[in-house]
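Novice: This is the structure, below, for whatever I ask next.
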Amino acid sequence: MTSTVPAPVRGATAAPAVPAAAADAEWLTCGGCRVLLYRKRFDRLLGVCPECGWHSRLTAGQRLDGLLDPGSARAVTPAESVHDPLGFTDLVDYPGRLSRARESTGLADAVRVVRGRIQGHPVVMAVMDFRFLGGSLGVAAGEAVTAAAEAALADSCALLIVTASGGARMQEGALALMQMAKTANALRALDEAGLLTVTLVTDPTYGGVAASFATLTDVIIAEPGARMGFAGPRVIAQTIRQELPPGFQTAEFLLARGLVDGVRARGELPWVLGQLLAAAAPAPADWGGGVVDVVLRDPATLVRRPPAEVVRLARHLDRPTLTDHLTEWLDGFVELRGARDGAGDCRAVLGGLGVLDGLPVMVIGHQKGHSTEELVRHSFGMPSPAGYRKAARLMRLAAKLRVPVVTLVDTAGAHPGLEAEEQGQAVAIAESIALMGSLPVPVVTVITGEGGSGGALALGVADRVLLTEHGTYSVISPEGCAAILWRSPERAGDAAAALGVDAGSLLRLGVVDGVVPEPPGGAHLDPARASRLVRDAVVVALRELRTSEGPALVATRRARFRRFGLTNDRRP
Ligand SMILES: [Zn+2]
């Protein structure tokens, strides 16, 4: 991790923007596509090339100016640290190298720490400046990141770290290495205090920074093209002589592998970060007061339909999907992606933070689609183990932030396949079920379409479980059951009836607590209205639950599931 400092990092995304000619500073050459750019326009575009989208490297000062509300910045001065612990000399002595870096950047070291506001929300920022000895992590930089975490803890506000680093600073030896542990511990203290931590990964972020505070935060956003990794491509090539794929270690490469939450263009960042900070802020006490309770709780009030028709309606492609609900309900939803285990980002399960009428919520659910193309993109709503592990990560984050969890279930089942088995599909489902039973925050589940087996229950262990009027919930698909017990998949209608997959049967069993009405004829005929009805049902459930948390809430949730299948006089 130490070998990339202070050597320049090469690659299409890394070259600095250079003046086209020393005498003509009005023009510069794009480091991505080499096109000639007018500097004033380039600056107006925040250092992003209008032709190819290349994001140039910013100084810490430019970054702070670009993100913080004007006039809100207040510098935080980290504690004094040793300057040259080893008396290190290579081709030049380290003190000389340091003083030249200080002169050329005007900075004391590679990290600036500032208290400020983003979109009105208080935040402490630690921003790395790559110009200062390649953003290397030495004692002063580690101390600055730690001081930032401690300032956030003192202020009870969020921490935002902007990374840009070649790795640990060799000239400070083992003391530089220790900064990884020091900063990691400082971030864990924020986890224990329930304070949001966010990393903005900029190009490049390597070695000791990537393997400590950069990747220990709740949310990792990367700029397009920004590279992050433990070992740099040159080190890998020299050590094991392995050929590396195009785009290796770029933000997009990391996103596809579930290692970062999102790749966001520079212009979007104040909005995205502002939304994340809003989702970690408290909601008003009288929240949800005006919403009317639409949920049906008496099976006798439900219209009976033939089970085969219910199954058909539950699978109708025009029913609102998860993303339709998110668009209809939430202000500023920020999708959070990946389980951070390198197994890929499952697109059959989506989730993220949003604000529901002023209440921050973590929404997670299965995503299907309205067309074949969408269905293929989202694996027909059949998650891989990575999908359940992503959901688990988001649920743990909700627990940390004390934000309620809303899950929307719509799946024929978890993905059956070789890869899913290799990656532990059964374990991922089991762990998600157990985790939900332990979450110290309110959990509301709505089965909005198909509730297929363990793949549905993995997102369905909630304080309130609701079902839409034409939704289904079943231990196995009617076709699967018919094939096994009737020895004929054509008998799926009989199987659906026998299994009791419809709202009335499920309400009578107590498996669902209530039924959300659908517009006449079904949700597919008026998806927007159907979505608003689900939203109102969720608001009412959250209104009832939102003041409960901790062990009492967990005990009540576990008691709900403990009762299933017992005769009335045996119920605890
Ligand atoms: Zn360009």
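The values are calculated or read from the model by the stated rules, or taken from the named source; none is laboratory data. Here the structure is a predicted model, which is why all the values come from computation and not from measurement. FYI the Cβ positions are ideal-geometry reconstructions off the backbone, even for glycines, and counts take in every protein chain you see. The accessibility values were calculated without ligands, DNA or RNA, using every heavy atom of the protein model including side chains. Shrake-Rupley method; radii C 1.70, N 1.55, O 1.52, S 1.80 Å.
Novice: Taking all protein chains in place and a 1.4 Å probe, what share, in percent, of the accessible surface of region 370-455 do carbon and sulfur account for?
Specialist: It is 59 percent, rounded to a whole number.
Novice: Another question, if that's okay. Which order do the peptides 403-409, 62-68 take when ranked by the mean count of other beta-carbon atoms within 10 Å per residue, highest first? Walk me through the numbers before you get to the answer.
Specialist: Details: 403-409: 26.9, 62-68: 18.9.
Ranked from most to least packed, the peptides come out as 403-409, 62-68.
Novice: Given H placed on each backbone N at 1.01 Å, which residues far from residue 349 in sequence or on other chains put an amide H within less than 5 Å of it?
Specialist: Amide H neighbours of residue 349, under 5 Å, 5+ apart: 367.
Novice: Local charge sum around residue 458 (other residues, Cβ-Cβ under 11 Å, Lys/Arg +1, Asp/Glu -1)?
Specialist: Combined, the nearby Lys, Arg, Asp and Glu give 0.
Novice: Rounded to the nearest 5, what % of DSSP beta bridges with both residues in the chain are antiparallel?
Specialist: Of all bridge pairs located within the chain, approximately 45 percent are antiparallel.
Novice: Restricting attention to the chain, give the cysteines that have no other cysteine Cβ less than 4.7 angstrom from their Cβ.
Specialist: For the chain, the answer is 157, 346, 481, because their Cβ atoms have no other cysteine Cβ under 4.7 Å.
Novice: Given only helices, namely DSSP H runs of n ≥ 4 each adding -39500 (n - 2.57), what is the per-residue ellipticity at 222 nm of the chain, to the nearest 500 deg cm²/dmol?
Specialist: -10500 deg cm²/dmol
Novice: When you count, for each residue, the other Cβ atoms within 10 Å and take the mean per peptide, how do 100-106, 355-361 rank with the highest first?
Specialist: Ranking the peptides 100-106, 355-361 by packing returns 355-361, 100-106.
Novice: Right, next: If you average the sequence gap of Cα pairs under 8 Å that are 6 or more apart and divide by the length of the chain, what percent do you get for the contact order?
Specialist: This gives 10 percent for the chain.
Novice: Using the alpha-carbon atoms, what tilt in degrees (0 to 90, nearest 10) does helix 527-545 show relative to the longest principal axis of the chain?
Specialist: For 527-545 against the chain, the angle is about 80 degrees.
Novice: Can I ask one more? Tell me the angle of helix 173-192 to the major Cα principal axis of the chain, expressed in degrees between 0 and 90 and rounded to the nearest ten.
Specialist: Roughly 30 degrees, rounded to the nearest 10.
Novice: With +1 assigned to the C-beta of every Lys and Arg and -1 to the C-beta of every Asp and Glu, and no other charges, what is the dipole magnitude of the chain about the Cα centre in debye, to the nearest 20?
Specialist: It works out to roughly 380 debye.
Novice: May I pose another question? Hey, what angle do you get for helix 269-279 against the long axis of the chain, alpha-carbon based, 0 to 90 degrees rounded to 10?
Specialist: Roughly 50 degrees between the two axes.
Novice: Dividing the Cα convex hull volume of region 476-572 by residue count, how many Å³ per residue is that?
Specialist: Numbers: hull volume 14.4 nm³, N = 97.
About 149 Å³ per residue, rounded to a whole number.
Novice: Sticking with this one: Which of the lysines could a cross-linker bridge to residue 390, judged by Cα under 16 Å and excluding same-chain residues fewer than eight apart?
Specialist: 400
Novice: Given region 93-132, what whole percent of its Cα pairs are spread farther than 15 Å?
Specialist: Cα-Cα pairs in region 93-132 separated by more than 15 Å: 50 percent.
Novice: A follow-up question, please. For region 490-498, what does the Karplus curve 6.51 cos²θ - 1.76 cosθ + 1.60, with θ = phi - 60°, yield as ³J(HN,Hα) per residue in whole Hz, taken in order and with x for Gly and Pro?
Specialist: Whole-Hz 3J(HN,Hα) from phi for region 490-498: 5, 8, 4, x, 5, 5, 4, 5, 5.
Novice: Expressed as a fraction of 2.2 N^0.38 Å, the rule-of-thumb size for a compact globular protein of N residues, what is the C-alpha radius of gyration of the chain?
Specialist: 1.08
Novice: Could you sort 532-541, 365-374 so that the peptide with the highest average Cβ count within 10 Å comes first and the rest follow in order?
Specialist: Per-residue Cβ counts within 10 Å, averaged per peptide and sorted highest first, yield 532-541, 365-374.
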